Amino acid sequence: MKKDILILGIETSCDETAAAVVKNGREVLSNIIYSQIELHKVYGGVVPEIASRKHIEKINQVTSRALEAAGVTLNDMDAVAVTYGPGLVGALLVGVAFAKSLSFATGIPLVGVHHIEGHISANYIEHKELEPPFMSLVVSGGHTHLVNVAGYGKYEILGRTRDDAAGEAFDKVARALGLGYPGGPEIDRAAREGDPYAIEFPRARVSGSEYDFSFSGLKSAVLNYLNSAEMKGEEIRVPDVAASFQKAVTDVLTEHSIRALGQRGEKRLALAGGVASNSALRASMKEACDKEGIALYCPSPVYCTDNAAMIAVCGYYEYMNGVRSPLTLNAVPGLKLGERNG
């Protein structure tokens, strides 16, 4: 009888302290997340030092809760998978150091996981039938990538943002509109009461790179609109601005993805990352994919934002591919997709 493979996942790349236990790469036995959002709201964004300190406080109890909720012990684990990049260096170091200590103390193999590969792997949790090859659109606060997933652990970047990530643009526009942090959910909420056609904001195209993205100009256009309206004493309808901005972002994300799928003859698209939970993006992608006969996969919101289940899932496939990280594994804040550092 084949032995079940249990992976303990640990995620501390930004402001969530998370631990999870996953069986055979697809079944989540536990997924514990301690979010620091309320701590950082007052600052309008994540304060790295505060995030690191809170990770240190919470990592042990979060991991203990994950093992307890799964009904297993640390000695039952086949590997410890941990995010080692990209992310905030101080935050990453907490998770990496903790995972290395567990590996050293128990002899359980250590597997370093790329954070973005984890986001892509989140789709395997609820879509058991999904296997590579397929295409993935990764949209988060720090990344906007269009990726060809050629196999487990095999990624080809087709397009990426040249400046602001989509989630970063959401945060900055939300701040300008006085909607608070995190900006993505606030923009999504406000946009539901607005007219997405009220204001014509630009859709950037990157010359010579048809799959690349650029959101800096769009962000500036929104800020210019707000400043101009304020100087003229004109009424600013926040829901209309939010809806029009959101549509400009989702139009570009959808258009680039559908074009790439068509040109490559691929019929499956998986969304990934925090912005993948945006209702307008999901609706836009669903409509476009249905029209083109493309299967669309979206993780539940809890698996879109940072979590350890996705890290354990990705860690499982790395483990099965023979990846073992040394105890010299270090945090790599600028780790590129597909890179292997340790």
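With respect to (1) assigned by TED's automatic domain parsing to the domain that holds LEU271; (2) charged (D, E, K, R); (3) crowded, with 23+ Cβ neighbours inside 10 Å, the lone exception for ASP195 is condition (3). Among the residues here, ALA283 does not qualify as among the small types (Gly, Ala, Ser), part of a helix (DSSP H, G or I), at pLDDT below 95 and within 21 Å of the chain's Cα centre (by Cα). Does ASP76 meet the test of being of a type outside the set (Gly, Ala, Ser), within 28 Å of PRO185 (Cβ to Cβ) and either in contact (Cβ under 8 Å) with a residue 60 or more places away in the chain or in contact with a strand residue (DSSP E or B) (Cβ under 9 Å, 6 or more places away or on another chain) (or both)? It is false that ASP76 is of a type outside the set (Gly, Ala, Ser), within 28 Å of PRO185 (Cβ to Cβ) and either in contact (Cβ under 8 Å) with a residue 60 or more places away in the chain or in contact with a strand residue (DSSP E or B) (Cβ under 9 Å, 6 or more places away or on another chain) (or both).
Only residues that are modelled with pLDDT of 95 or more, of a type in the set (Lys, Arg) and farther than 17 Å from CYS314 by Cβ were counted across region 1-41, and they come to 0.
Scanning region 97-143 for residues that are of a type in the set (Gly, Ala, Ser) and free of Cβ contacts under 8 Å to residues at least 24 places away in the same chain yields ALA97, SER101, ALA105, GLY107.
Restricting attention to region 153-195, the residues that are assigned to a helix (DSSP H, G or I), of a type in the set (Gly, Ala, Ser) and within 21 Å of HIS119 (Cα to Cα) add up to 5. If the condition is being within 24 Å of the chain's Cα centre (by Cα), assigned to a loop (DSSP other than H, G, I, E, B) and either under 20 Å from ASP306 (Cβ atoms) or of a type outside the set (Ser, Thr, Tyr) (or both), then region 196-216 contributes ARG203, ALA204, ARG205, VAL206, GLU210, ASP212, PHE215.
Residues checked against (1) touching a Pro at 6+ places or on another chain (Cβ under 8 Å); (2) surrounded by 15 or more Cβ atoms within 10 Å (Cβ to Cβ):
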{"site": "VAL46", "(1), (2)": "no, yes"}
{"site": "THR73", "(1), (2)": "no, no"}
{"site": "ASP78", "(1), (2)": "yes, yes"}
{"site": "TYR84", "(1), (2)": "no, yes"}
{"site": "ALA99", "(1), (2)": "no, yes"}
{"site": "PRO109", "(1), (2)": "no, yes"}
{"site": "HIS115", "(1), (2)": "yes, yes"}
{"site": "ALA122", "(1), (2)": "yes, yes"}
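Screening ILE33, ILE50 for residues that are under 13 Å from ASN307 (Cα atoms) and surrounded by fewer than 21 Cβ atoms within 10 Å (Cβ to Cβ) leaves exactly one candidate, ILE33. Can you go through GLY159, GLY141 and tell me which one is at pLDDT below 95 and in contact with a Leu (Cβ under 7 Å, 6 or more places away or on another chain)? After applying the criteria, what remains is GLY159.
The values are calculated or read from the model by the stated rules, or taken from the named source; none is laboratory data. Please read all numbers here as calculations on a predicted model, not as lab measurements. So basically every Cβ, Gly included, is an ideal-geometry build from the backbone, and we count neighbours across all protein chains shown.
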